[in-house]
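Note sheet for the following structure.
The values are calculated or read from the model by the stated rules, or taken from the named source; none is laboratory data. Model, not experiment: these values are computed from the prediction. Positions of Cβ are backbone-derived with ideal geometry, glycine not excepted, and every protein chain shown enters the neighbour counts. Quick note on the areas: whole protein, heavy atoms, side chains included, nothing else; ligands and nucleic acids left out. Shrake-Rupley method; radii C 1.70, N 1.55, O 1.52, S 1.80 Å.
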Amino acid sequence: MTDGPVRVVVADDQTVVREGIVMLLGLLPGITVVGSAPDGEEALRLVAEHAPDVVLMDLRMPRCDGVEATRRIRAGHPGTEVVVLTTYADDDSLFSALQAGARGFLTKDAGAEEIARAVADVRSGAAGLSPQVQLRLLERLSAPAPERAAAPEQPAPAPAPAPVRRPALPDGLTQREAEVLALIAAGLSNAEIAGRLFVSPATVKTHINNLFAKTAVRDRAQAVAYAFRHGISDGS
């Protein structure tokens, strides 16, 4: 994280909304707007030109939508984080954005304080998810996965281990790493995970480093999306 104000680019195809967001951000301490874009292509150009800390990204825009723009920004400019700010909070939009590399996801009814907090969070390396989005993630993670219901039953091995409520774990995850991942998806901090599993915070951190390396996710937001894709949730 660098010192000084957070440098932000705003991308939204609606002129009134875009100018309103720029005006709002201009009133917030510690934030400087360095550019605004009406579509994803212009957002990419501004990122290449200004190397901002954060892009506030709408999803549904002409020429290049927010998901594709996010994917290209994260691939070509890893020092720039993306916070989605959209009218649409449906599951497809949410998970597509997180999988593309967005660290934050807010709806446009978010207040100035919530936007400022999300921008500061992603700049510091944390996820910037609104409480409503976190609740939606938990609801989807706790729902039965359709593909598991349709899958043929597998005979249990003779020396059955502790009961497992999911298919074979992906990417070589151990059972304990999957438990840690599920608790991350449930919104628990490292200290809370340590308390739940009766291990030290240092042990939790080791598990997190290992599972991040195995799954190739970069942060907790992408870990939540990964957990959803693979049906890994806290069933306790």
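Tally the residues that are without any contact (Cβ under 8 Å) to a residue 60 or more places away in the chain and open to solvent by less than 10 Å² (accessible area, probe 1.4 Å), restricting the search to the stretch 106-116.
Counting residues in the stretch 106-116 that are without any contact (Cβ under 8 Å) to a residue 60 or more places away in the chain and open to solvent by less than 10 Å² (accessible area, probe 1.4 Å) gives 1.
Would you call Val22 open to solvent by 40 Å² or more (accessible area, probe 1.4 Å), over 18 Å from Asp121 (Cβ atoms), of a type in the set (A, V, I, L, M) and at pLDDT 90 or above?
So Val22 passes the test.
Filter the stretch 181-225 down to the residues that are touching a Leu at 6+ places or on another chain (Cβ under 6 Å) and among the β-branched types (Val, Ile, Thr), then identify the one that is surrounded by the most Cβ atoms within 10 Å (Cβ to Cβ).
Val224
Every residue in the stretch 80-96 that is open to solvent by less than 60 Å² (accessible area, probe 1.4 Å), within 17 Å of Glu114 (Cβ to Cβ) and not charged (D, E, K, R), please.
Val82, Val83, Val84, Leu85, Thr86, Ala89, Leu94
Within the stretch 118-128, is there a residue that is of a type in the set (D, E, K, R) and surrounded by fewer than 17 Cβ atoms within 10 Å (Cβ to Cβ)?
No, the stretch 118-128 contains no residue that is of a type in the set (D, E, K, R) and surrounded by fewer than 17 Cβ atoms within 10 Å (Cβ to Cβ).
Pairs needed: first member in the stretch 62-73, under 18 Å from Gln14 (Cβ atoms); second member anywhere, charged (D, E, K, R) and not in a loop (DSSP other than H, G, I, E, B); C-beta distance under 9 Å; at least 6 residues apart or different chains.
Pro62/Glu41; Arg63/Glu41; Arg63/Glu42; Cys64/Glu41; Cys64/Glu42; Cys64/Arg72; Ala69/Glu41
Looking at the stretch 37-79, which of its residues are open to solvent by 30 Å² or more (accessible area, probe 1.4 Å) and farther than 20 Å from Val122 by Cα?
Passing the criteria: Pro38, Glu41, Glu42, Arg45, Glu49, Arg60, Pro62, Arg63, Asp65.
Inside the stretch 90-119, can you point out the residues that are within 18 Å of Gln222 (Cβ to Cβ) and in a helix (DSSP H, G or I)?
Residues satisfying the conditions are Asp91, Asp92, Ser93, Leu94, Phe95, Ser96, Ala97, Leu98, Gln99, Ala100, Ala118.
Against the definition (under 21 Å from the mean Cα position of the chain (by Cα) and in contact (Cβ under 8 Å) with a residue 12 or more places away in the chain), how does Asp58 come out, yes or no?
yes
I'd like to check something: does the stretch 155-167 contain any residue that is exposed (fewer than 10 other Cβ atoms within 10 Å of the Cβ), closer than 26 Å to Met61 by Cα and either at pLDDT below 70 or under 19 Å from the mean Cα position of the chain (by Cα) (or both)?
Looking through the stretch 155-167, none of the residues is exposed (fewer than 10 other Cβ atoms within 10 Å of the Cβ), closer than 26 Å to Met61 by Cα and either at pLDDT below 70 or under 19 Å from the mean Cα position of the chain (by Cα) (or both).
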